[in-house]
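Written below as structure tokens is the structure these notes are about.
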Amino acid sequence: MPELPEVETVRKSLETAVVGARVGHVEVGRERSVRRTSPAMLSAGLIGNTFTTARRRGKYLLFDLSSRDTMMVHLRMSGRLLLADPTDAREPHTHVVIRLVRSGHSDIDLRFVDPRTFGEVVVYDPNDIDPNTNEAFLVPEVGRLGIDPLVDNFTFEEFRAAIGVRHRGAKAVLLDQSVIAGIGNIYVDEILHRSRIRWNRPVSSLSIKQLRLIHDSTILILNEAVAAGGSTLKDMQYVDALGREGIFQTEHKVYARQGERCLSCARGVIRRVTGAGRSTHFCPVCQR
DNA sequence: AAACAAACCTGTGCGC
DNA sequence: TGCGCACAGGTTTGTT
């Protein structure tokens, strides 16, 4: 479900409540959600410690702790992080509950809800580094992430250097989290549409002008989507930590609009094709 | 190197 | 109404 704009919206919506809060107790109702370690290790890593940051890299949420450990949360397809009054009824599929204690405030729950259980929560030591790869032992993939368009200095030169001289299709490259971190299946289709480039165009065949267009569109769309609070689709699964829906889905030009008239050129009809197990939406007339 | 398929799970929406 | 199938925002792993 959530891509960079959704994860960023979640991050912003829980930052005030989480940063500075101490963990009172932890409940794990589903071991799979903490599969990288264990319920005991999650509790031991959290209880008594205070969150000092609520960061994001790509689609990864990173909460630094006073112990110098970090809690990583990945929502994958169906995960949600919700702030709730501890007396509020729990949503179905609430797998992890972290009780936050804040001086001068009443306690609050940070709840990890995840029907499909692809998501996960793990506490790890970011300084426990594998000297061979320079990546954290427990969560190496965060160290493999490419440029984050919002967190990093996402200049055109950096973008071009990250893409390199490959022959892969434009969509595959933009979805590659080790190139750019945070773009997923909805936003990649929207970015390429705005850039008027076909999903399977080899990046090696793109002109500097077209690369600039992709770079500009990426920044534009991701920022607009964050400003809109992300995209809440028909299934209404995605909401921020306070339960608020996003409204960027009303701005989608191609995603889930197959069969409809292209809003950009007014001539093409949006097509949906399937490849590598994912759906791709584009206008065959204005995307070349 | 790059493209693809399958795997991990559950819920929903569709056609029959 | 009910059943079976296709499909869903992500990522990893293994195979062509």
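I'd like to check something: does the range A:108-123 contain any residue that is without any contact (Cβ under 8 Å) to a residue 12 or more places away in the chain and assigned to a loop (DSSP other than H, G, I, E, B)? Step through it out loud before you land on a result.
If we filter the range A:108-123 for residues that are without any contact (Cβ under 8 Å) to a residue 12 or more places away in the chain, which is where we start, we get none.
No, every residue in the range A:108-123 fails to be without any contact (Cβ under 8 Å) to a residue 12 or more places away in the chain and assigned to a loop (DSSP other than H, G, I, E, B).
Taking the criterion of being without any contact (Cβ under 8 Å) to a residue 12 or more places away in the chain, surrounded by fewer than 19 Cβ atoms within 10 Å (Cβ to Cβ) and closer than 23 Å to A:Lys12 by Cβ, would at least one residue in the range A:142-161 satisfy it? Yes: the range A:142-161 contains one or more residues that are without any contact (Cβ under 8 Å) to a residue 12 or more places away in the chain, surrounded by fewer than 19 Cβ atoms within 10 Å (Cβ to Cβ) and closer than 23 Å to A:Lys12 by Cβ.
Under 6 Å between Cβ atoms, at least 6 apart or on separate chains: pull out the pairs that start in the range A:1-14 with a residue that is closer than 8 Å to A:Asp240 by Cβ and not assigned by TED's automatic domain parsing to the domain that holds A:Ser231 and end on any residue that is assigned to a helix (DSSP H, G or I) and within 16 Å of DNA strand B (Cβ to nearest atom). Pairs that qualify, where the first residue is closer than 8 Å to A:Asp240 by Cβ and not assigned by TED's automatic domain parsing to the domain that holds A:Ser231 and the partner is assigned to a helix (DSSP H, G or I) and within 16 Å of DNA strand B (Cβ to nearest atom): there are none. Step by step: first the residues of the range A:1-22, then only those that are of a type in the set (A, V, I, L, M, F, W, C) and in contact with a strand residue (DSSP E or B) (Cβ under 6 Å, 6 or more places away or on another chain), then the one that is farthest from A:Ala228 (Cα to Cα). Which residue is that? Per the stated criteria, the residue is A:Ala21. Can you give me the number of residues within the range A:97-107 that are assigned to a strand (DSSP E or B) and of a type in the set (Ser, Thr, Tyr)? Result for the range A:97-107: 0. Counting the residues of the range A:197-250 that are free of Cβ contacts under 8 Å to residues at least 60 places away in the same chain, farther than 30 Å from A:Val165 by Cβ and not hydrophobic (A, V, I, L, M, F, W, C) gives 7. Scanning the range A:97-118 for residues that are within 19 Å of A:Lys59 (Cα to Cα) and touching a helix residue (DSSP H, G or I) at 6+ places or on another chain (Cβ under 7 Å) returns A:Leu110, A:Phe112, A:Asp114, A:Thr117.
Can you tell me which residue is farthest from A:Tyr187 (Cα to Cα) among those in the range A:246-269 that are touching a Gly at 6+ places or on another chain (Cβ under 7 Å) and of a type outside the set (Phe, Trp, Tyr)?
Start the filter on the range A:246-269 by keeping residues that are touching a Gly at 6+ places or on another chain (Cβ under 7 Å), which leaves A:246-248, A:262, A:269.
Then keep just the ones that are of a type outside the set (Phe, Trp, Tyr); that gives A:246-247, A:262, A:269.
Details: A:Gly246: 14, A:Ile247: 14, A:Cys262: 17, A:Val269: 19 Å.
Among residues in the range A:246-269 that are touching a Gly at 6+ places or on another chain (Cβ under 7 Å) and of a type outside the set (Phe, Trp, Tyr), the one farthest from A:Tyr187 (Cα to Cα) is A:Val269.
Taken together, the residues in the range A:23-45 that are of a type outside the set (S, T, N, Q) and under 21 Å from A:Arg90 (Cα atoms) amount to 13.
Would the range A:205-212 turn up any residue that is within 13 Å of DNA strand C (Cβ to nearest atom), touching a helix residue (DSSP H, G or I) at 6+ places or on another chain (Cβ under 8 Å) and within 22 Å of A:Leu174 (Cβ to Cβ)?
First, pick out the residues of the range A:205-212 that are within 13 Å of DNA strand C (Cβ to nearest atom): none.
There is no residue in the range A:205-212 that is within 13 Å of DNA strand C (Cβ to nearest atom), touching a helix residue (DSSP H, G or I) at 6+ places or on another chain (Cβ under 8 Å) and within 22 Å of A:Leu174 (Cβ to Cβ).
Among the criteria (1) modelled with pLDDT of 95 or more; (2) over 30 Å from A:Ala266 (Cβ atoms); (3) in contact with a strand residue (DSSP E or B) (Cβ under 8 Å, 6 or more places away or on another chain), the one A:His167 does not fulfil is (1). Quick one: in the range A:180-218, of everything that is surrounded by 17 or more Cβ atoms within 10 Å (Cβ to Cβ) and of a type in the set (S, T, N, Q), which residue is farthest from DNA strand B (Cβ to nearest atom)? Among them, the one singled out is A:Ser217.
Can you tell me how many residues within the range A:213-255 are charged (D, E, K, R), closer than 30 Å to A:Ile108 by Cα and either within 12 Å of DNA strand C (Cβ to nearest atom) or not in a loop (DSSP other than H, G, I, E, B) (or both)? Outline the logic, then answer.
Let us first name the residues in the range A:213-255 that are charged (D, E, K, R), namely A:216, A:224, A:234-235, A:240, A:244-245, A:251, A:253.
With the extra rule that they be closer than 30 Å to A:Ile108 by Cα, the set shrinks to A:234-235, A:240, A:244-245.
Now drop any that are not either within 12 Å of DNA strand C (Cβ to nearest atom) or not in a loop (DSSP other than H, G, I, E, B) (or both), which leaves A:234-235, A:245.
Selection size over the range A:213-255: 3.
Restricted to the range A:124-135, and to residues that are within 16 Å of DNA strand C (Cβ to nearest atom) and assigned to a strand (DSSP E or B), which residue is farthest from the chain's Cα centre (by Cα)? Applying the filter and picking the extreme gives A:Asp130.
Of the listed requirements (1) more than 20 Å from A:Ile186 (Cα to Cα); (2) within 16 Å of DNA strand B (Cβ to nearest atom), A:Glu15 misses just one: (2).
The values are calculated or read from the model by the stated rules, or taken from the named source; none is laboratory data. None of these values were measured; they are calculated from a predicted model. Cβ: placed from backbone, ideal geometry, glycine included. Neighbour counts: every protein chain shown.
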